[in-house]
Every structure is written in structure tokens, then in C-alpha cells.
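Everything on this sheet refers to the single structure shown next.
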Amino acid sequence: MALIYVPLERLWPQYPKQDIRKEWTLDVVISCPPFPSANFIFLVLLPATQATKYLGVPALQQLIARMPWFLQFFLAVVVADLADISLFGFAQSAFSLALSMRSPFLEGP
């Protein structure tokens, strides 16, 4: 997003007297998803589906297979959201810790 909007704002500013914040690079880093699964879910999908062959509980798989498709869909959305919330929370706390260390990489130019 920053690759699109920063050059546009520099070329045609909405408010000509307002300058872009010097810390805009820090804003970009903070607003980017901190965990790769947000961007690279396909890298997680194949190993996860292959792992169910070895880690799956047959009784649970049969129970879910007997459910109607809309209930399976709802259950999949709930489980995915819970996993996403827990992973995002972990990544966000790790990122906050990194920010508290005042890394020079995250400082503006």
C-alpha cells in the first residue's frame, strides 16, 4: 500500500502544505501484518493437510464428516478464526517487544 500511496501523495498531495510524516516507514512496518500466515497462507496449507494423515483423530474426523456441510463450514471458520487470533496475538506481542527495544531498522530516515 505504501508503494502506491506514498508516491501519489508526494506527486499530488491532498493538502499541499501538509508534509508526509518523517516516521512513515515505521507506520508501514506497524500496519503490515506481522505474521507470515496473513500473506503466505498457501505455504501453511499443504503441510497442514498432509499432517492430518498422521495427526488426525479418526473418531473426530468421522464425527465431523457426518455433520451437514454448513455446520462443517461454520466449524472451520470458527477454528480458523481462533487460530488466527491466537497466532496474531503472539506475533503482535513479539512485535511490540521488538519495538520496545528501539531497533534502528524501524527508525525513520
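The values are calculated or read from the model by the stated rules, or taken from the named source; none is laboratory data. Keep in mind that this is a model prediction, so the values were computed, not measured. Here the Cβ is made from the backbone with ideal geometry for all residues, glycine too, and neighbour counts use every protein chain on show.
How about the stretch 1-31: which of its residues are exposed (fewer than 10 other Cβ atoms within 10 Å of the Cβ), modelled with pLDDT of 70 or more and closer than 30 Å to PHE88 by Cα? Within the stretch 1-31, LEU3, ILE4 qualify.
Just one of (1) in a helix (DSSP H, G or I); (2) surrounded by fewer than 12 Cβ atoms within 10 Å (Cβ to Cβ); (3) modelled with pLDDT of 70 or more; (4) of a type outside the set (A, V, I, L, M) fails for PHE88. It is (2).
Evaluation of LEU45 against the conditions (1) of a type in the set (A, V, I, L, M, F, W, C); (2) under 25 Å from PHE90 (Cβ atoms); (3) at pLDDT below 70 shows that the sole unmet condition is (3).
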